[in-house]
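To keep things clear, I will list the structure first and then write my remarks on it.
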Amino acid sequence: TNPDNMPFITWNPTVDEQNAAIARAGRFQNFAGVPYDPANTIAIVEGYYRNASAQHITGVDLSGRYSFSVADESFDLFANASWLEIEQRTLPTQPSRSLTGLLFEPADFRARGGLSWYHGGFTVTGIVNYIGEITDTGVIPNVRLEPWTTVDARIGYRGAVDSPLSGFDFAFAVSNLFDEAPPRARGACVTDPGLCYDGTNHSVIGRLVSATVRKRF
């Protein structure tokens, strides 16, 4: 019933067209309950992959960093953001449609920014991560998932050259400091029951704590 799909359907196929389709197939199965009769074939529907679609991708990436000092303290302020737009045309006869910002597709906007403080061998960094709204296309009507904001923190220490800890680096980091749950996407439950989130843009790991020790020789 969709005219855009007409290139993949052959109505009232001839015997030669049917034989060619059967020859291309890996196997032939008849579920009609009666012997196969070419005269009773209504249509051939092509269900194999074809290199028919096209994508047009545009985007803007912005990043900046500013270092400054206050008294004897040093600071490093940084931020980056990206905007992405992906348009796809499935068939030459179809109009283009936007993919970004949809469930299981890249977000159309995301940003990350933070501040680092340096004091002697210590470094303390806080980072805020932001992912824009996502449209849950797995439910009808479609619903918008709220933006997701998380905070990361890191404390590091580098041993002084003239100390017993010379050559050692220590770090303690926490991702998703406040254990912010991802937006619930009911449409994702359809394909993966129990995993009701957008695995392309969000994570269900929650707060993750790590500690590292590194020795430089």
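FYI, it's all coordinate maths here, none of it is from the lab. Everything numeric here is computed off the predicted structure, so don't read it as measured data. A quick note on method: Cβ atoms are made from the backbone with ideal geometry, for glycine too, and the neighbour counts reach across all protein chains shown.
Descriptive notes on the structure:
- Convex hull volume of the Cα atoms of segment 28-67, normalised per residue: 172 Å³.
- Distance histogram for segment 64-173 (every C-alpha pair counted, 5 angstrom bins, percent rounded to whole numbers): 2, 10, 13, 13, 13, 10, 9, 8, 7, 6, 4, 3, 1, 0, 0
- Here the chain is treated with +1 on each Lys and Arg Cβ and -1 on each Asp and Glu Cβ, and its dipole about the Cα centre works out to around 500 debye.
- Cα long-axis angle, helix 15-24 against the chain (0 to 90 degrees, to the nearest 10): 30 degrees
- The chain - mean residue ellipticity at 222 nm from DSSP helices (-39,500 (n - 2.57) per run, n ≥ 4, rounded to 500): -1500 deg cm²/dmol
- A simple spin-label model places pseudo-atoms 7 Å from Cα toward Cβ; at Ile22 and Val190 they are separated by 3.7 nm.
- Protection proxy ranking, peptides 97-103, 16-22, 47-53, average beta carbon neighbours within 10 Å, highest first: 97-103, 16-22, 47-53
- Remark: the chain is approximated by an ellipsoid whose semi-axes, taken from the C-alpha gyration tensor as √(5λ), come to 56, 20, 18 Å, largest first.
- Translational diffusion of segment 1-81, estimated by Stokes-Einstein from the Kirkwood radius over alpha carbon pairs at 10 °C in a medium of 1.306 mPa s, is 84 µm² per second.
- For Leu102, nonlocal amide neighbours, meaning residues 5 or more places apart or on other chains whose placed amide H falls under 5 Å from its own, are Thr135.
- Rounded FRET efficiency, nearest 0.05, which uses the C-beta distance separating Asn51 from Ala181 and R0 of 25 Å: 0.05
- Principal axis box of segment 118-194, alpha-carbon based, largest edge first, Å: 66, 22, 15
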